[in-house]
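The values are calculated or read from the model by the stated rules, or taken from the named source; none is laboratory data. The structure displayed is predicted, hence computed values, not measured ones. When we count neighbours, we look across all protein chains shown, and the Cβ atoms used for this are built from the backbone with ideal geometry, even at glycine.
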Amino acid sequence: MRILSILAGAANGGAETFFVTLARALAEAGEESRAVIRPNPPRRADLEAGGVPVSEAPFGSWFDLRTRPALRRAVAEFRPDVVLSYMSRASWWMPAGPHLKAARLGGFYDLKYFRNCDHLICISEGIRRHVIAEGWPEDRCSMIANFAEQDSSPAADRAALGVPDGAVVVFTPSRLHRVKGFDVLMQAAVDLPQVHLWVAGSGPEEDALKALAAELGIADRVKFLGWRRDTGAFFRSCDIVAFPSRHEPFGTVTLEAWAYGKPLVASDADGPAEFVRDGEDGLVVPKGEAAPLREALRRVIEETGLAERLVAGGTARHSAQFTQAACVANYMALFRQLRGETG
């Protein structure tokens, strides 16, 4: 099947990272996968390294006179069976044609941007309930969750990153934005002197978070790693994965913790609350509150057998539901169904 994936997107971000991951996974599965993206050299290189040819368009606002012709050219040359758009802006630019017009929703978006789409693919049941409540036909939306797999990065050198022997490393990869709850995580770490935090990401709150770490007296225990494409190195070397978001429609970090066999502590934001089974494959705490997060981290560190039980539960969940093979199979089954194909 020929699948054209289109993305505007920011320079960095979880949805943008998954765009590359899924487009490459489709190509790896033997589907003809191509992409149209806003100019972004690292993203283009990642796609092309995975066998996904790339063309570019600005994906600007309504007065943009270049994106529509660029998409028309891509459709005329590739003749896709499916055009899969990501998020609002690319979906607003959905090109006309006989192809299936599907949009992937990773958040609670305004549906006015998706009027040119035939079908919405929501990454959680919560998002699917939202679009139905907003008036989208129930038979024109489906839920397919994300997936996560280990990358090939070698484990990070803890000593080189300033981690002393006996310390507990808590890792969180995410955009540095207030909704991600890094301030809460830092407050939770104040009274856990053995905890060192690794933060992988970039964003508007970076300076404020560094200032907060200094104010709390834990700057020597917080390592800001910047935006990383080799997050597997830090998953492999950490002891616990924390995911303290105030708002999180899905949260692929959850799946990554399970894929790498790490105990997970997550807030009860929408996505983690839907997927994480408290006490079985992770600990779930109230979002925005430092004390419960501190207690959950302390339990994982000190309670005999808890970390091992959470890892076993997470590994089982990942293997059963959230592998690359399962996700690609779900997408292809949906595409065949919507196109009226059998077999």
Exercise. Can Thr254 be described as at pLDDT 95 or above, in the same structural domain as Pro193 (by TED's automatic domain parsing) and surrounded by fewer than 17 Cβ atoms within 10 Å (Cβ to Cβ)?
Worked result: no
For this session: Exactly one condition in (1) surrounded by 24 or more Cβ atoms within 10 Å (Cβ to Cβ); (2) not assigned by TED's automatic domain parsing to the domain that holds Asp191 is not met by Val328; state its number.
Result: (1)
For this session: Could you list all residues from segment 252-307 that are in contact with a helix residue (DSSP H, G or I) (Cβ under 9 Å, 6 or more places away or on another chain), more than 24 Å from Cys122 (Cβ to Cβ) and of a type in the set (Val, Ile, Thr)?
Result: Val265, Val285, Val300, Ile301
Problem set entry | Single residue of Gly135, Gly50 found to be more than 22 Å from Arg24 (Cα to Cα), small (Gly, Ala, Ser) and either at pLDDT 95 or above or surrounded by 23 or more Cβ atoms within 10 Å (Cβ to Cβ) (or both) | Gly135
Problem set entry | Boolean, Ala148 is surrounded by 20 or more Cβ atoms within 10 Å (Cβ to Cβ), part of a loop (DSSP other than H, G, I, E, B) and touching a Lys or Arg at 6+ places or on another chain (Cβ under 9 Å) | no
Problem set entry | Matching entry among Val300, Val265, Val311, Val284 (being under 17 Å from the mean Cα position of the chain (by Cα), buried (at least 17 other Cβ atoms within 10 Å of the Cβ) and not assigned by TED's automatic domain parsing to the domain that holds Met87) | Val265
Exercise. Which pairs have Cβ atoms under 7 Å, sit 6 or more apart or on different chains, and link a residue in segment 174-190 that is over 14 Å from Lys287 (Cα atoms) to one that is acidic (Asp, Glu) and not in a helix (DSSP H, G or I)?
Worked result: Leu176/Glu205; His177/Glu205
Problem set entry | Condition broken by Ser174, with the remaining ones in (1) in contact with a Ser or Thr (Cβ under 8 Å, 6 or more places away or on another chain); (2) at pLDDT 95 or above; (3) crowded, with 20+ Cβ neighbours inside 10 Å satisfied | (2)
Exercise. Restricting the search to segment 30-46, which residues are within 15 Å of Ala74 (Cβ to Cβ) and not polar (S, T, N, Q)?
Worked result: Glu32, Arg34, Ala35, Val36, Ile37, Arg38, Pro39, Arg44
Problem set entry | Single residue of Ser91, Ser85 found to be outside the structural domain of Leu264 (by TED's automatic domain parsing), of a type outside the set (Lys, Arg), touching a helix residue (DSSP H, G or I) at 6+ places or on another chain (Cβ under 7 Å) and without any contact (Cβ under 8 Å) to a residue 60 or more places away in the chain | Ser91
